[in-house]
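Structure, as structure tokens:
The values are calculated or read from the model by the stated rules, or taken from the named source; none is laboratory data. Given the structure is predicted, the values throughout are model-derived calculations rather than measurements. Glycine also receives a Cβ, built like all others from the backbone with ideal geometry; neighbour counts cover every protein chain displayed.
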Amino acid sequence: MIKWIDESGIEKDIVVSSRIRYARNLKNHKFPIFLDKKESEEIYKEISEIIKSNDIYGKKFSHFKTSNIPNLEKKMLIERHIISPELIKNQGISGFIMSNDEKISIMINEEDHLRLQILSSGLNLKECLKKADELDSILDEKLEYAYHKQFGYITACPTNLGTGIRASSMIHLPGLVMTGRLERLLNTISKFGISVRGVYGEGSKSLGNLFQISNQTTLGNDENTIVEKVEKIAMQIVNKEKEARQYLVNENKLEIEDRVHRSYGVLTNAKIISSDEAVKLLSLVKLGVDLDLIKKYKNLNFNKLFVEIQSMNIQFESREELNGRERDVKRAEIIKRRFNEESE
Amino acid sequence: MLCDRCHKNKATVHFTRIINGKKIEMHLCKDCARENAGINPEFSIENFLSDMFGEFSLKEPDEEYKCPDCGMTYEQFKRYGKFGCSECITAFKDEIEPLIQNIHGHRRHKGKYPRQKSFEESKELSEIEILRKELQVAIKVENYEKAAELRDKIKALEKGEG
């Protein structure tokens, strides 16, 4: 089961999740691009030992070398946003440490020696920052971080220099997409140093109306300022989304109801469904539930379901490799099951 | 639209360059783009970054210029867009500072710093230390012009203290 998405948190109807990531490197080791296996293992061991011997974190974490994890599981962890594709690309030298509730992970020898990540449901960036800072300070007691007096924490890529922080939120914006207001809003947002990208789908096209917003730059402003800015802008977007939804209900109620119920019909009756189609329909059904156009399923965790129906998660849960068609059949079953569980 | 260069293939790479305030537009096919000015038609963030290094660096050091610690050459750094170790940033400081300014809009860190930094001595002294370190690097790579520059800066700071 996907543990970290527990459907708590502020504005959870619209904000799916929040994430803080810190990039850190060690002073006395070559950076991952130049690391050999032996040195990479020293780093893994060093970091792993600190976590194991810590009173607070010691018992709550599991430690893995990437190359020891079965392929299916690696990809499943990417879909759950716990590890990154880059970590797998570096699997000869990389590893990760993850908390049992999946909310905290430390990637080792990804692009940087350390990538600390705190995940949370809803809009919760300040709380995530607090936790990231705590974990970072514990590691800092034992490690010698690479730091430059002028440029701050030294990261492998110059785009992460300074604080090394990336604060991001995943937001569900069907109202803004349907009213055609999103593009203008995104243009304005980019002027504030915030970047936006679709979560599912290729390039700028987003499936399921899910978007990730995050800070573009990491140097020159402190951690609190950066996080506050992302959170403020996320709140602005949430308010605009609410306005757009209200507009849809006031001006186009019948059309919206039609689209929501059609989606609901297909989603809950399909026997074979691709992940693209499922994500698209789920977004509309979720909107229908949020707007009270569908009276049931108030307790259905849609945010979790978005992840659960991704290909690798389906295979992981059924403990076997499936071909495309088998996955599409399984996906339809899972969706039906989740909806049935909640309507009882 | 046909390629501006070979006039044979379809132009699939379109780019605009602004040189001294003059806008130059070019439409090239994949092959010509690759040959012409080393533009890589396969867009990736690494390519994008390494193109940026070319655009924003004030000066091109010679290709043999290396980080004295990990041996990464400036050419390699441009290609990967990544540092090889914690000393590269000091070794390539002159070249990358304009780039950092362009990426972040700032060139000085504000915020958290590691524990060991709080044991450091007074701020001015650590600035001298940094300059001294840069001086060592400059001498090591036989960049005497830069070494002289650094020596003057260090002298000026020492005077200010006295």
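For the stretch A:314-322, indicate whether the set of residues that are without any contact (Cβ under 8 Å) to a residue 60 or more places away in the chain and farther than 22 Å from A:W4 by Cα is non-empty.
Yes, that holds for at least one residue.
Would you call A:K271 touching a helix residue (DSSP H, G or I) at 6+ places or on another chain (Cβ under 6 Å), touching a residue at least 60 places away in the same chain (Cβ under 8 Å) and surrounded by fewer than 18 Cβ atoms within 10 Å (Cβ to Cβ)?
yes
Here are some conditions: (1) surrounded by fewer than 18 Cβ atoms within 10 Å (Cβ to Cβ); (2) not in a loop (DSSP other than H, G, I, E, B). A:G180 meets all but one. Which one does it not meet?
(2)
Within the stretch A:1-37, track down each residue that is within 14 Å of chain B (Cβ to nearest Cβ) and acidic (D, E).
Within the stretch A:1-37, just A:D36 meets the criteria.
Of everything in the stretch A:131-154 that's part of a loop (DSSP other than H, G, I, E, B) and facing chain B (nearest Cβ under 8 Å), which residue is surrounded by the fewest Cβ atoms within 10 Å (Cβ to Cβ)?
Going through the qualifying residues, I end up with A:E144.
I'm trying to understand the selection: among the residues of the stretch B:65-91, which are over 17 Å from A:D112 (Cβ atoms), assigned to a helix (DSSP H, G or I) and in contact with a Ser or Thr (Cβ under 8 Å, 6 or more places away or on another chain)?
Correct list: B:K78, B:R79.
Which one of A:K280, A:K271 is closer than 24 Å to A:K304 by Cβ and in contact with a Gly (Cβ under 7 Å, 6 or more places away or on another chain)?
Numbers: A:K271 fails: in contact with a Gly (Cβ under 7 Å, 6 or more places away or on another chain).
Going through A:K280, A:K271 in turn, just one is closer than 24 Å to A:K304 by Cβ and in contact with a Gly (Cβ under 7 Å, 6 or more places away or on another chain): A:K280.
Give just the number: which of (1) in contact (Cβ under 8 Å) with a residue 24 or more places away in the chain; (2) buried (at least 20 other Cβ atoms within 10 Å of the Cβ); (3) not basic (K, R) does A:L72 not satisfy?
The one condition A:L72 does not meet is (2).
I'd like to check something: does the stretch A:221-243 contain any residue that is farther than 23 Å from A:R197 by Cβ and of a type in the set (S, T, N, Q)?
Among the residues of the stretch A:221-243, at least one is farther than 23 Å from A:R197 by Cβ and of a type in the set (S, T, N, Q), which makes the answer yes.
Within the stretch A:223-236, is there a residue that is of a type in the set (D, E), modelled with pLDDT of 95 or more, touching a Ser or Thr at 6+ places or on another chain (Cβ under 7 Å) and within 28 Å of A:I10 (Cβ to Cβ)?
Looking for residues that are of a type in the set (D, E), modelled with pLDDT of 95 or more, touching a Ser or Thr at 6+ places or on another chain (Cβ under 7 Å) and within 28 Å of A:I10 (Cβ to Cβ), one finds at least one in the stretch A:223-236, hence yes.
Taking the stretch B:133-154, which residues are of a type in the set (K, R) and at pLDDT 85 or above?
Answer for the stretch B:133-154, where residues must be of a type in the set (K, R) and at pLDDT 85 or above: B:K146, B:R151, B:K153.
Given the residues A:F34, A:F64, which is the only one that is touching a Cys at 6+ places or on another chain (Cβ under 7 Å), of a type outside the set (S, T, Y) and surrounded by 15 or more Cβ atoms within 10 Å (Cβ to Cβ)?
The conditions single out A:F34.
Would a scan of the stretch A:91-106 turn up a residue that is touching a residue at least 40 places away in the same chain (Cβ under 8 Å), among the charged types (D, E, K, R), surrounded by fewer than 20 Cβ atoms within 10 Å (Cβ to Cβ) and at positive phi?
Yes: one or more hits.
Pick from A:Q150, A:Q117: which is modelled with pLDDT under 95 and polar (S, T, N, Q)?
Of A:Q150, A:Q117, the one residue that is modelled with pLDDT under 95 and polar (S, T, N, Q) is A:Q150.
Could you run through the stretch A:122-150 and say how many residues are among the polar types (S, T, N, Q) and either within 15 Å of A:T218 (Cβ to Cβ) or touching a helix residue (DSSP H, G or I) at 6+ places or on another chain (Cβ under 7 Å) (or both)?
Count: 1.
Identify, by number, the condition in (1) within 14 Å of chain A (Cβ to nearest Cβ); (2) at pLDDT 85 or above that B:K117 doesn't meet.
It is condition (2) that B:K117 fails.
Okay, residues lined up against (1) modelled with pLDDT of 95 or more; (2) within 23 Å of the chain's Cα centre (by Cα):
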{"position": "A:E243", "(1), (2)": "yes, no"}
{"position": "A:N252", "(1), (2)": "no, no"}
{"position": "A:N303", "(1), (2)": "no, yes"}
{"position": "A:M312", "(1), (2)": "no, yes"}
{"position": "A:N323", "(1), (2)": "no, no"}
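Across the stretch A:287-318, which residue is farthest from A:H172 (Cα to Cα) among those that are surrounded by fewer than 18 Cβ atoms within 10 Å (Cβ to Cβ) and charged (D, E, K, R)?
That would be A:E317.
Taking A:Y247, is it among the aromatic types (F, W, Y), surrounded by 19 or more Cβ atoms within 10 Å (Cβ to Cβ) and not in a strand (DSSP E or B)?
no
Those residues that are within 13 Å of A:D13 (Cβ to Cβ) and assigned to a loop (DSSP other than H, G, I, E, B), I need them from the stretch A:270-298; list them, please.
A:L291, A:D292, A:Y297, A:K298
From B:S44, B:S50, B:S86, B:S57, grab the single residue that is at pLDDT below 60 and surrounded by 12 or more Cβ atoms within 10 Å (Cβ to Cβ).
Answer to the check: B:S57.
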